[in-house]
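Novice: Pasting a structure here, questions to come.
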Amino acid sequence: MIVDIHVHTKMGSSDSLIEAEELAGWAAQKGLGGVCITEHDCRYAQEVAQLARGDGVLWISGIEVRTNLGDILAFGLDGYRTEWADAEELKRAAEKVGALLVAAHPFRRDFSPVGYGGSLFFKPTITLGEACRRPIFQLVDGMEVMNGGSTEDEVEFCFRVSERLGLLGLAGSDAHSLKTVGSCVTIFERPLKDEGDFLEELQGGRFHVEDRRSQIFGTRG
């Protein structure tokens, strides 16, 4: 089952161009079995539930929480609290209810473009060891190893960090426009019927990730 775990709409993300009503039909056309609506610092559970219109798509309400240690996708929380801007407070809240936390695009600002032989590469400005020692990775269950805005070099680096730390490695588009929905996805081994299944299969690691940008845009990011 193909799921985009990281999508923003106008419901709760002022920087998104996506109307929730348009997304419902679009997701099914793209072959997505599930979509996680992860608005910035807010959760729209009731509105997300209303998106289901017999299109066969599982809709899950999550949150992208801006914290002092970086952005974190939270799944399984019943709302948003301002104190969760402190990542340790967010972790404590997640532990109480069995929610799952995922570091979003954790190295987005840690790569610099480098030209070589007529090609453009992106070189990390931190070492693998420095990356692994970042406090955020002591608080999350997984990390977004593949994001719609990631370069190939960043994706490779994220995979190495997640493997070294034993963190779940997920993928989402981070879509703010319809055309990018489903560009990076998490593919589950089993069908998911609800949020409980989603969390259980994530925690069990029964999934893999896929970069679909070449299918959508004709080139990889």
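The values are calculated or read from the model by the stated rules, or taken from the named source; none is laboratory data. A quick note: this is a predicted structure, and the numbers were derived from the prediction, not measured. Glycine gets a Cβ as well: all are built from the backbone with ideal geometry, and neighbour counts include every protein chain shown.
Novice: Is it the case that the stretch 72-80 has a residue that's buried (at least 17 other Cβ atoms within 10 Å of the Cβ), over 22 Å from Gly204 (Cα atoms) and of a type outside the set (Phe, Trp, Tyr)?
Specialist: No, the stretch 72-80 has no match at all.
Novice: Taking the residues in the stretch 29-50 that are more than 15 Å from the chain's Cα centre (by Cα) and over 18 Å from Glu195 (Cα atoms) as candidates, determine which candidate is modelled with the highest pLDDT.
Specialist: My answer is Gly31.
Novice: Next question. Would you pick out the residues in the stretch 98-126 that are modelled with pLDDT of 95 or more and either closer than 23 Å to Glu200 by Cα or assigned to a strand (DSSP E or B) (or both)?
Specialist: If the condition is that a residue be modelled with pLDDT of 95 or more and either closer than 23 Å to Glu200 by Cα or assigned to a strand (DSSP E or B) (or both), then Gly98, Ala99, Leu100, Leu101, Val102, Ala103, Ala104, His105 are the ones that fit.
Novice: While we're on this one: Just the residues that are free of Cβ contacts under 8 Å to residues at least 40 places away in the same chain and closer than 21 Å to Val114 by Cα, please, taken from the stretch 128-158.
Specialist: Leu128, Glu130, Ala131, Glu156
Novice: Since Thr186 meets every condition but one in (1) hydroxyl-bearing (Ser, Thr, Tyr); (2) touching a Leu at 6+ places or on another chain (Cβ under 6 Å); (3) in a helix (DSSP H, G or I), which condition does it not meet?
Specialist: (3)
Novice: On the basis of being within 21 Å of Glu39 (Cα to Cα) and part of a helix (DSSP H, G or I), does Gly129 make the cut?
Specialist: No: the conditions fail for Gly129.
Novice: Can you pull out every residue in the stretch 132-166 that is surrounded by 22 or more Cβ atoms within 10 Å (Cβ to Cβ), assigned to a helix (DSSP H, G or I) and of a type in the set (Asp, Glu)?
Specialist: If the condition is that a residue be surrounded by 22 or more Cβ atoms within 10 Å (Cβ to Cβ), assigned to a helix (DSSP H, G or I) and of a type in the set (Asp, Glu), then Glu154 is the only one that fits.
Novice: Considering each residue of the stretch 23-56, count those that are closer than 26 Å to Asp71 by Cα and out of contact with any Pro (no Cβ under 9 Å at 6 or more places or on another chain), and give that number.
Specialist: Qualifying residue count for the region: 21.
Novice: Which one is surrounded by the fewest Cβ atoms within 10 Å (Cβ to Cβ), of the residues in the stretch 1-28 that are among the aliphatic types (A, V, I, L, M) and within 14 Å of the chain's Cα centre (by Cα)?
Specialist: Checking each candidate, the answer is Ile2.
Novice: Something else now. Anything in the stretch 89-110 that is acidic (Asp, Glu), farther than 22 Å from Thr125 by Cβ and touching a strand residue (DSSP E or B) at 6+ places or on another chain (Cβ under 9 Å)? List them, or say none.
Specialist: Listed by number, the list holds a single entry, Glu89.
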